[in-house]
Amino acid sequence: MLRWLKPVLALLSAVVLAWVLNTKQGDVPPVARLLSPYQGFWQNGETAADFPTQQTLHLPGLHQPVRVRFDDRRVPHIFAENDHDLYYAQGYLTARDRLWQMEFMTRVAAGRISEVVGERALEYDRFQRRMGLPFGAENSLREMLKNDTTRLVLESYSAGVNAYIGQLSPKEYPFEYKLLDYAPEPWQPLKCALLLKLMAWDLSGRSDDLRLSNILSKYGPEVTRDLFPDFPFRADPVVPEGTPLDFRPLPVPPVPAPFAAAVSGLVPSREPDAELGSNNFALAGSRTASGRPLLANDPHLQLNLPSIWYQVQLHGPGQNVYGVTIPGAPAVIIGFNADVAWGVTNVGGDVLDWYQLKFKDADRREYWHDGRWKPVRRVVERIAVRGRPDRLDTVLYTHHGPVVYDHEEKVFNQQTPIRHALRWTAHDAAGANEVLAFVKLNHARNYQDYDRALRTYASPAQNFIFASRTGDVAIRPNGRFPLKYAEQGKFILDGSDPRQDWPGWIPMSQTPRVLNPARGYVSSANQHSAGPGYPYYLGWDYAPWDRAHRINQQLSHMRRATADTLRVLQNDDLGLNAQLMLPWMLANLPAVSAASSAGPTAAATAAATTPAAPETAARRLLARWDYHYGPDAVAATLFELWYQDLLRRLWEDDFGKQATGLEMRFPARDRTNHLLLSEPASPWLDDRRTPPKETAPDLLAASFRFALDSLTRKFGPMGPQWAWANQKSTDINHLAQLPGFGHTDVWCGGSPGSVNATGPRNGPSWRMVVDLAAPVRAYGIFPGGQSGNPASVYYDDMLESWRTGQLDELVFLQAADENHPRLQAAWRLEK
Amino acid sequence: MKPFLFLFLLIFVLASLTQLLLPWWVVLPLCLGLAAWRGTSAGAAFWAGLLGVGLSWWLPAAWLNLHGAGLLAGRVATLLPLGGNSGLLVLLSGLLAGLAGGLAALSGAWLKGR
């Protein structure tokens, strides 16, 4: 018996060890499978031999041969004989570089992350579904499949992706599948629609309705109107004020009696960033060296690896277009062809509202609307959870939309009120077809084509900028905007009152627009869409004017501009907010001794005993600053912290959660600046929590000391360590937040308020400049690379050029057999 | 040839070949069977299994580390975390598989010698 014990024990330990190493343990990957040189990540390496300069790939389902050239950035230039093959090849080649990313993002959108990582993503998944992202995607897909063009595009693209997935054996799966231990699933057109909805969430999923309702109920309508105005003091709207209307506006619905929403005290945790910071601008030929228009666009998003965008050239019947695509979605989103160029920035219009509901009883099967009880529709979501049984979740729908949280519970996203129905343009699909809009833009030859293309583009609303070789420049804040009465949806709405429902839409022919303005340029930077002369209410909370105004200032001086002139403007790091506020801040900052005697806080009193030297040096440094947020700028670090802390001290006692116990928000920067600069007696300056009556100089002194102290604690005495790039600390992370797979502390300039709006995690995700001379020349860069494979040098080969503000000239071919010094490979795809 | 050297080489060659087609844990029955068949001392069997299986990973991993997978190996070595040292990752990879192989071979030797 004992003779058996030793071998059995040894074998048992071998088997247990092998099982442990072969199985995913919680978040620890299956180590042996991951590290095996036969199956694991070592197989994901990339050598020159993996990318032959000549080859023929045999792919099922192609109708005719497709030719693909690759340039030295690995951009595929696809030449197909028919639309099916063109989008098939786009799907195939995109999947070849980005399969994991595109599939993972659709899981993020659909609320299917728990299937991969287990229970810890369950609340996230529930939230995505309760916000109705998959609901909106299914609505969109239905519309897109009704249209012959988009059905062909989506089905061909999906077939191409599936052709690639079908070729893969497990050892060839992209790295992240091995790390997270799962397998790719077949692609479907629904996934393309899900990506659109994810974009809609990122760009239009934010709402301050709850916060504004709380403010209204605490401070009343007068204060709310004063501190949260619909139009800023300093404005430079996308469509310049005074642009004549070329339509007869529809009547605007009457304003119903005010509704006092129930106060709610939730704390926000996860919601899209308030300001990402995109720019686009175009110059008419009168201002350019070539006499033809120039167009530039830099959409800003959270910076991730693999890169958000994927470059491609698509050449097929009736089109030859180049630009960036979203991996997982067909067609070019931002780009150009020989005749036109276009780009987008986000519109901050209010397209997401909350309706407070009255349920009949605790069963929540009926709700009160229009004087009677109406049935609630119940939708059961089945959420697959790795290693656990499926979870079922019932979501209630009223005619407004989904009830994101229907009873008191731990809410995942606490901007979201409980027992409120969500009304959001991302759920509406009738007549909307975003993919069709992009396909038409890809084919566009002139302004009329651009005009027609945008009619089916609904969500997320974008400032579509346009320029053509024939000399037109135009811009449109474009999308589906509900036809609202003034301030409808600025606060929580009454879900029982039909007069507060969205009555319809602003006609697509009546969205704000401008074509060939006399000033010779058009631009946008997420600011207000139009001036007060525009007949419809679109929203009140847009990005501050700084970037837009700086762009327009610079454009208005341009003569004989070239593509490089616009590249320089994209990299402009002048802070208009600092230019406006710093002189006032320095002039009103008490002298050191005065600060200590007048200061209300212990910190300021302590200043009396400490040497004044650092404060004097800091003051001198700020006075000499040129307001540029270069990477080395120490003054930028100091000003930003000083200003941010000043805002905190000004508003926290009145609108902070801790001081008031209520979920509210601070007034916009524009309103705050106005108060500081021209309302020195404003009662808001006083900190209600302290007996003395504070004034602006008191706040300035306290926040100045705070900034100096905290920077000294963080970096040591004032010196080069205080460089703006160190303080801002721009990180570009892997989508799954894997250490070692991103780049941290990228040394670059820019700030959220300057044209180069690069922040800690956000920044220009693609920079493009197009010169519409003949032949068209274009330039572009993104912070990453074409490949999604972290083993490839093409994973992040463009990052350095991006960091230093350079652009690549984009290789725009006319024919598949064209000679170009930067072409490196020629492939043939055939049946 | 010494029994250890023979067993070690046999394990190395057969483990390398079988893993081309089969999952990595095929080294368990392989080491068990070969050690039981050849019958060496327990210590020799363990080391033959560890080094034979280990080498079947060290060699291809080291080669791939120099040919295309080095960049990724450095990243994985940061993730694990091994300070970004891909050489250390090569060593660790083979050691893990080798340990399983060595234990299986030890069991085989004890079976034979029982």
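The values are calculated or read from the model by the stated rules, or taken from the named source; none is laboratory data. The model shown is predicted, which means the values in this text are computed figures rather than measured ones. Every residue, glycine among them, receives a Cβ derived from its backbone with ideal geometry; neighbour counts consider all protein chains shown. Surface accessibility is based on the protein's heavy atoms, side chains included, excluding ligands, DNA and RNA. Shrake-Rupley method; radii C 1.70, N 1.55, O 1.52, S 1.80 Å.
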Going through region A:468-483 in order, the residues found to be crowded, with 20+ Cβ neighbours inside 10 Å and in contact with a Gly (Cβ under 9 Å, 6 or more places away or on another chain) are A:473, A:477, A:479, A:480, A:481, A:482
Practice prompt. State whether the residues of region A:277-289 include one that is at pLDDT below 95, among the charged types (D, E, K, R) and out of contact with any helix residue (DSSP H, G or I) (no Cβ under 6 Å at 6 or more places or on another chain).
Written response: no
Flagged in region A:33-57 as closer than 20 Å to residue B:86 by Cβ and open to solvent by 30 Å² or more (accessible area, probe 1.4 Å), in numbering order, are A:33, A:39, A:43, A:46, A:47, A:48, A:50
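Okay, residues lined up against (1) surrounded by 20 or more Cβ atoms within 10 Å (Cβ to Cβ); (2) within 7 Å of chain A (Cβ to nearest Cβ); (3) not in a helix (DSSP H, G or I):
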{"site": "B:9", "(1), (2), (3)": "no, no, no"}
{"site": "B:18", "(1), (2), (3)": "no, no, no"}
{"site": "B:33", "(1), (2), (3)": "no, no, no"}
{"site": "B:45", "(1), (2), (3)": "yes, no, no"}
{"site": "B:76", "(1), (2), (3)": "yes, yes, no"}
{"site": "B:91", "(1), (2), (3)": "no, no, no"}
Counted residues in region A:527-558 being in contact (Cβ under 8 Å) with a residue 12 or more places away in the chain, assigned to a loop (DSSP other than H, G, I, E, B) and more than 23 Å from the chain's Cα centre (by Cα) come to 7
- Just to be sure, is residue B:14 within 7 Å of chain A (Cβ to nearest Cβ), in contact (Cβ under 8 Å) with a residue 12 or more places away in the chain and out of contact with any His (no Cβ under 8 Å at 6 or more places or on another chain)? no
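This table checks each residue for (1) touching a Lys or Arg at 6+ places or on another chain (Cβ under 7 Å); (2) closer than 15 Å to residue A:239 by Cα; (3) not basic (Lys, Arg).
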position: A:442; (1), (2), (3): no, no, yes
position: A:459; (1), (2), (3): yes, no, yes
position: A:464; (1), (2), (3): yes, yes, yes
position: A:496; (1), (2), (3): yes, no, yes
position: A:518; (1), (2), (3): no, yes, yes
position: A:529; (1), (2), (3): no, yes, yes
position: A:541; (1), (2), (3): no, no, yes
In region B:100-114, anything facing chain A (nearest Cβ under 7 Å) and either over 30 Å from residue B:37 (Cβ atoms) or in contact with a Gly (Cβ under 8 Å, 6 or more places away or on another chain) (or both) is listed as B:103, B:104, B:106
Quick count over region A:110-119, residues being in a helix (DSSP H, G or I), surrounded by fewer than 24 Cβ atoms within 10 Å (Cβ to Cβ) and under 25 Å from the mean Cα position of the chain (by Cα), is 3
Per the filter on region A:151-168, residues open to solvent by 30 Å² or more (accessible area, probe 1.4 Å) and aliphatic (A, V, I, L, M) are A:152, A:159
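Residue by residue, here is whether (1) surrounded by fewer than 17 Cβ atoms within 10 Å (Cβ to Cβ); (2) touching a helix residue (DSSP H, G or I) at 6+ places or on another chain (Cβ under 9 Å); (3) under 23 Å from residue A:790 (Cβ atoms) holds:
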| position | (1), (2), (3) |
| --- | --- |
| A:716 | yes, yes, no |
| A:722 | no, yes, no |
| A:726 | no, yes, no |
| A:729 | yes, no, yes |
| A:732 | no, yes, yes |
| A:735 | no, yes, yes |
| A:745 | yes, yes, yes |
| A:748 | no, yes, yes |
Checked pairs for region A:497-526, first assigned to a loop (DSSP other than H, G, I, E, B), second of a type in the set (Phe, Trp, Tyr) and surrounded by 19 or more Cβ atoms within 10 Å (Cβ to Cβ), C-beta under 7 Å and 6 or more apart or across chains, list as A:506/A:481; A:506/A:536; A:511/A:481; A:512/A:534; A:526/A:542
The one condition residue A:768 fails out of (1) crowded, with 23+ Cβ neighbours inside 10 Å; (2) among the hydrophobic types (A, V, I, L, M, F, W, C); (3) within 14 Å of chain B (Cβ to nearest Cβ) is (3)
Please work out if residue B:111 is open to solvent by 10 Å² or more (accessible area, probe 1.4 Å), farther than 21 Å from residue A:7 by Cα and modelled with pLDDT under 95. no
Can you confirm whether region A:78-94 contains a residue that is more than 10 Å from chain B (Cβ to nearest Cβ), surrounded by fewer than 22 Cβ atoms within 10 Å (Cβ to Cβ) and in a loop (DSSP other than H, G, I, E, B)? yes
Filtering helices (runs of 4 or more DSSP H) wholly in region A:162-236 for at least 2 residues that are free of Cβ contacts under 8 Å to residues at least 60 places away in the same chain gives A:189-204, A:209-227
Subset of region A:783-810, residues out of contact with any helix residue (DSSP H, G or I) (no Cβ under 9 Å at 6 or more places or on another chain), over 21 Å from residue A:314 (Cα atoms), open to solvent by less than 20 Å² (accessible area, probe 1.4 Å) and assigned to a loop (DSSP other than H, G, I, E, B), comes to A:798
By residue number, the members of region B:54-72 that are facing another protein chain (nearest Cβ under 7 Å) and either of a type in the set (Gly, Ala, Ser) or in contact with a Lys or Arg (Cβ under 8 Å, 6 or more places away or on another chain) (or both) are B:61, B:68, B:69
Restricting attention to region A:4-61, the residues that are facing another protein chain (nearest Cβ under 7 Å), part of a loop (DSSP other than H, G, I, E, B) and within 36 Å of the chain's Cα centre (by Cα) number exactly 3
Within region A:608-660, the residues that are surrounded by fewer than 16 Cβ atoms within 10 Å (Cβ to Cβ), under 15 Å from residue A:704 (Cα atoms), under 31 Å from the mean Cα position of the chain (by Cα) and without any contact (Cβ under 8 Å) to a residue 40 or more places away in the chain are A:644
Inset, instruction - Output yes when any residue across region A:192-209 is among the aromatic types (Phe, Trp, Tyr), over 22 Å from the mean Cα position of the chain (by Cα) and either over 16 Å from residue A:101 (Cβ atoms) or open to solvent by 30 Å² or more (accessible area, probe 1.4 Å) (or both), and no when none is. - result: no
Exactly one of A:763, A:780, A:740, A:749 is touching a residue at least 24 places away in the same chain (Cβ under 8 Å) and part of a loop (DSSP other than H, G, I, E, B), and that one is A:749
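Residue-by-condition table, conditions (1) under 26 Å from residue A:565 (Cβ atoms); (2) not in a loop (DSSP other than H, G, I, E, B):
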site	(1), (2)
A:276	yes, no
A:280	yes, yes
A:291	yes, no
A:295	yes, yes
A:301	yes, yes
A:308	no, no
A:314	no, yes
**Prompt:** Would you call residue A:148 at pLDDT 95 or above, open to solvent by 10 Å² or more (accessible area, probe 1.4 Å) and among the acidic types (Asp, Glu)?
**Reply:** yes
